[in-house]
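Data first, discussion second: the structure below is written as structure tokens.
Just so you know, all these numbers are worked out from the coordinates, no wet-lab data involved. Model, not experiment: these values are computed from the prediction. Ideal geometry is used to build each Cβ from the backbone, glycine not excepted, and the neighbour counts take in all protein chains shown.
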Amino acid sequence: MNVICAYAVNLDAVCNAKSIQLQPLLPSEISSEKIGLKSSISKMEDLVSSLLYCMREGSGAEILIDSPALASRIEKAFAWQMRLGGNAGIMANVLADLGARPILNAPALGPRLAGLLSPDVRVPLSGSLAKPGRVAQAKKDDRPEPVHFVFQFKRGEEIRYGRDKFIVPQDNRFIASYDPVNTALASSRDFDSYCLEHISAFSGAMISGFHLLPLQNYEEILPEKINQLRSWKKRNPNLFIHLELGSFQSPQIMSHLMHLVSEVPIDSLGMNEDELDAAAGLFNLSIKANLPASWQERVLAAELLQDKTGIFRVSVHTRDYILSVIRDGHFPAQDEILALQSGVDSAASLAAGGSIRTAPPEGYNEMGLAAEREFRRLGATGQGSGSILHCGSRIVSLVPARQVIQPKITVGLGDTATASIFFCELEAIRRNAALS
């Protein structure tokens, strides 16, 4: 099974954000009114303000750093652990672990980044495919490997600033990035030509990274990449394309993308709860955070996005559950619920044990279980640990997340779940095609 993974891959520099680490960086006078999410990071105060905002709200975000000098200053201010980052890179590693053959776009592949990729990931080089290490050796250039600074924070951490304090309400992460390569959605000539020439040999494509586009030139870059997807789909109508959203730099960019996706056409659209809220806002649908109705509102928002875009499948992965809305077509509802369960297990295994190959925790998230019970009371049919509801030609599936008490990893869980789900869906498409 050949799968395209594009566009973003980078190094993630990860640290655990603690109150004691932040104290030296806090301005002498800071109040709740001065804490907020900035549109970009042009000085250290912008980083601190945005990070404190995410920690206080328990929310995630990804914001661009304006200059390499500031990126260097941020790198020196914290102790970092280097991991594989970028939606495409993480998804490629997961697919390789599951037995697929991922072909990755990696235009700025250095030795550190290559060393974090699975040896079963392939990168186009001079008309053929090569292992990441060989590509890094063959393409020595002066461009630094792209690095994203990931601040993980945990529920219960007490943060003091000035005369105020707050308790972090839930685990999440804030990402600050200086990345000219991925913010341009750069792709190598080797990648572009190989994919187009061999597109009939691919079963699917996992596309992401559009959220990194900056406001000043997204209108130039988006049409070019949409045209690339359109050319793949034209040559291989059976190519199953999944587009993963992210934390966009501006609602304007997300709006532009959402109005283009039906032109490809995209088959599947994925996001987390914050990204769903932002996407739904584009269509004037407000999602409230108050339980217990929040899961129902998310289903309604996913259905609205499906109707507005004409996409076959819309999926939302949250810390409590994963839900999807599909139409009759590519595969049966039973295959979708099994795929969602696979995604839940892979993410939990990574979070708890550091690898999708470890056994997932046995217990399930209480909030997810409560949502699934309510879903069944409304008419859904239980299957495995999740439930399915048929609504005419539309099928809604919901699977509670596993409960991870002390996670080792909190970054990349959504990408891990998404890649595992996508692998199972491609297997289901292939099975059903053989039977028809």
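Things to note:
- Here each label is just a point 7 Å from Cα along the line to Cβ, and for Ala434 and Arg155 those points are 4.2 nm apart.
- Separation of the Ala201 and Lys165 label points, Cα + 7 Å toward Cβ, nm: 6.1
- Note on Lys34: lysines with a C-alpha under 23 Å away, same-chain residues under 8 apart excluded, are Lys18, Lys43, Lys154, Lys165.
- Whichever aspartates and glutamates have a C-alpha closer than 16 Å to that of Lys131, once near sequence neighbours (fewer than 8 apart) are set aside: Asp97, Asp120, Asp190
- Among Arg160, Arg357, Arg377, residue whose mean-square fluctuation peaks in a GNM of the chain (springs only between Cα atoms under 10 Å): Arg377
- Residues with amide H under 5 Å from that of Lys43, placed H, sequence gap 5 or more: none
- Nearest-0.05 FRET efficiency for Ser126 and Glu366, computed from C-beta distance (R0 45 Å): 0.25
- GNM on the chain, alpha-carbon springs under 10 angstrom: the most fluctuating residue among Trp80, Trp295, Trp232 is Trp80.
- Our note on the geometry: Cα centres of segment 343-416 and segment 30-102, 26 Å apart.
- Cα shape, the chain, gyration tensor, a/c 1.5 rule: oblate
- Computed over the chain with a Gaussian network model linking Cα atoms closer than 10 Å, the most mobile of Ala370, Ala130, Ala348 is Ala370.
- In Hz, Karplus ³J(HN,Hα) per residue of segment 171-182 (6.51, -1.76, 1.60; θ = phi - 60°; x = Gly, Pro): 5, 5, 8, 10, 10, 10, 9, 10, 8, x, 6, 6
- For segment 138-187 versus segment 251-268, the spacing of their alpha-carbon centroids is 26 Å.
- Taken about its Cα centre, segment 159-206 carries a charge dipole of about 520 debye when Lys and Arg each add +1 at the Cβ and Asp and Glu each add -1 at the Cβ.
- The stretch between Ser40 and Ile405 holds 128.0 nm of extra length on full extension. This uses 0.36 nm per residue minus the Cα-Cα distance.
- Take every pair of alpha-carbon atoms less than 8 Å apart whose residues are at least six positions apart; their mean separation over the length of segment 306-436 yields a relative contact order of 34 percent.
- Computed from phi, the 3J(HN,Hα) profile of segment 355-364 under the Karplus parametrisation 6.51, -1.76, 1.60 (θ = phi - 60°) reads 7, 6, 7, 7, 5, x, x, 6, x, 10 Hz, with x in place of Gly and Pro.
- Amide H partners (placed H, <5 Å) of Asn10, local residues excluded: Gly85, Gly86, Gly89
- Cβ-Cβ FRET estimate between Ser67 and Glu33, R0 fixed at 35 Å, reported to 0.05: 0.85
- Counting DSSP beta bridges with both ends in the chain, the antiparallel % (nearest 5): 55
- The length gained by stretching the chain between His259 and Glu75 to full extension, at 0.36 nm per residue less their Cα-Cα distance, is 62.5 nm.
- Kyte-Doolittle at least 0.0, axis length at least 18 Å by Cα - qualifying DSSP helices, the chain: 44-57, 333-353, 413-435
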